[in-house]
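Input: a single structure, listed below in structure tokens.
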Amino acid sequence: LASLTRETGPKVVRGDPARKGEAAAKGAPQPQAHHHHHHPAAPTIAVSDSSLKFTHVLYNLSPAELYEQAIKYEKGSFITSTGALATLSGAKTGRSPRDKRVVKDEAAVQELWWGKGSPNIEMDEHTFLTNRERAVDYLNSLDKVFVNDQFLNWDPENRIKVRIISARAYHSLFMHNMCIRPTDDELENFGTPDFTIYNAGQFPCNRYTHYMTSSTSVDINLARREMVILGTQYAGEMKKGLFGVMHYLMPKRHILSLHSGCNMGRDGDVALFFGLSGTGKTTLSTDHNRLLIGDDEHCWSDNGVSNIEGGCYAKCIDLSQEKEPDIWNAIKFGTVLENVVFDEHTREVDYTDKSVTENTRAAYPIEYIPNAKIPCVGPHPKNVILLACDAFGVLPPVSKLNLAQTMYHFISGYTALVAGTEDGIKEPQATFSACFGAAFIMLHPTKYAAMLAEKMQKYGATEWLVNTGWSGGRYGVGKRIKLPYTRKIIDAIHSGELLTVNYKKTEVFGLEIPTEIDGVPSEILDPINTWTDKAACKETLLKLAGLFKNNFE
């Protein structure tokens, strides 16, 4: 918490300021009493007020301690009927990608992806230091700060040490759940962190500072290995900020960082699931017959795959016990619930209520999922599954891709969302997100695609494109492909059944589609069969191909 410019301060002590008497017992430095008969010391220029007050550090508190801090000191914190901690993230209930900045220094100019389509918006070193100082000054002005020392990446050879300094118990508990939790021994020998987050999210950035476009700023400095958060209390900024950092650090070690779900069969066959929001990534990777390695962020190295995180961050909108029992049951003591609405008396959560936001979330440790594989690592993937929810209804339910197609579809990162309009007409909208996670990648998409192709070739993985969207017509005409059919298709991929069946090639995209799959009606496997208007089908297919082409350029 030291300022980069002032020479003194802050005085940091461990422990809760509410329990004053215990500081002495814990060996914290005590302010010395001045003897008044000496002449007063002349104040030196270097002394600052921050060196005269104590900042209490609450270090790696347990969930129970964090619950107490939140309930006592943070408005809007409640315990729900199942024992989760309900919190409010304030005005921001989602990420602010337009307010994210990356320091563009000499190294970053060369290494990172800049310009059109890139998520990296530049700032200079001086502005970063201005914001860092603002965050540090804010944190120093507080009575107490929370510090978490944790790890990222379950692969022991390539794990990253992170330190998160924050002002809210909610943020501390969120990161406790989402990062990997160190043992007491590991904490004892933690040493210097590889990356530090200064989360001063309650305090705005200064609008007069260069490069600022709002009162929110999320800034990453790769050379200093630091991240500063101002003006947003949404906890997902920390999770995704670190994910971006991993997208920079891991490829330097020839390790591929992936925005994907990952699970493993009882025989050790691993599958990776890529897909944008609403494609079924979480639903399909959480499979009772398979072990969950992770739901969102992974690394693929020469040792195999590993989860980057120690927890899951699940969407809660319309959550039901029937549809997603594992997530439902994970919402218990220790879990953070963000921006949900609950009954004032019973504290029962209404998961259908989106009055605060549609982006309601639960953050819980991965071991809350009964079939999680701990440690979260596995052998090299056998299957790589790209999920698209095609609302145009022209992509086949499943197709097998060759290496060139794999790279093409991975770089494209396609899905089609249904955009709602007031008068009830809903048009499908194509969305492309490079590498299925364009908001988080740091290097050019082709670098990740080349690494993916290289690893797939080296370790013999098969790539599949699975459409979880519409069939028999576009949205509003056709129907969504039934989830049980999609599950059967995924099962056939896992079992290896799909490697033995006959294939035929489609027009336009040149996709290999199977002619039959056990338990799935054969006529739905080729989209043209399900459309009554064959001409419209061809026309829509060409339209989609055009969208792919424009995006790729």
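Tabulated values for the structure
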item: Protein accessible area in the chain, 1.4 Å probe - carbon and sulfur %; result: 53
item: Top positive-direction residue, dipole computed over the chain with Cβ charges, set 201, 78, 274; result: 201
item: Entries in 332/382; 281/373; 479/543 that, when Cα-Cα distance is taken, lie over 28 Å; result: 332/382
item: Label point at residue 343 placed 7 Å out along Cα→Cβ; residues across the stretch 79-103 whose backbone nitrogen lies under 11 Å; result: 81
item: Accessible area in square angstrom per residue, the chain, 1.4 angstrom probe; result: 44
item: FRET efficiency, residue 4 to residue 190 (Cβ-Cβ, R0 30 Å, nearest 0.05); result: 0.85
item: Antiparallel DSSP beta bridges within the chain, percent to nearest 5; result: 60
item: Estimated inter-spin distance, residue 323 and residue 213, nm [label 7 Å along Cα→Cβ]; result: 3.3
item: Neighbour cut-off at most 15 other Cβ (10 Å), DSSP loop, chymotrypsin sites (Phe, Trp or Tyr not before Pro), the stretch 293-385; result: 333
item: The stretch 471-481 - phi-based ³J(HN,Hα) in whole Hz, Karplus 6.51/-1.76/1.60, Gly and Pro as x; result: 9, x, x, 6, 3, x, 10, x, 10, 5, 4
item: Paramagnetic reach from residue 142 in the stretch 181-216 [backbone N under 12 Å; point 7 Å along Cα→Cβ]; result: 198-203
item: Matching label, Rg and Dmax of the Cα atoms in Å computed from the structure shown, candidates (1) 25.5, 99; (2) 36.1, 114; (3) 30.3, 92; result: (1)
item: Euclidean distance of C-alpha centroids, the stretch 313-372 and the stretch 128-153, integer Å; result: 29
item: Distant-in-sequence amide H partners of residue 123 (H built 1.01 Å from N, under 5 Å); result: 102, 103, 104
item: Paramagnetic reach from residue 52 in the stretch 128-150 [backbone N under 17 Å; point 7 Å along Cα→Cβ]; result: 140-143
item: Amide H contacts under 5 Å for residue 56, placed H, 5+ residues apart; result: 13, 144, 145
item: Karplus 3J(HN,Hα) series, Hz, for the stretch 197-205 with 6.51 cos²θ - 1.76 cosθ + 1.60 (x for Gly, Pro); result: 10, 9, 9, 10, x, 6, 9, x, 7
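The values are calculated or read from the model by the stated rules, or taken from the named source; none is laboratory data. Nothing here was measured: the structure is a model prediction, and the numbers come from that model. A quick note on method: Cβ atoms are made from the backbone with ideal geometry, for glycine too, and the neighbour counts reach across all protein chains shown. SASA here: full protein model, heavy atoms, side chains in, ligands and nucleic acids out. Shrake-Rupley method; radii C 1.70, N 1.55, O 1.52, S 1.80 Å.
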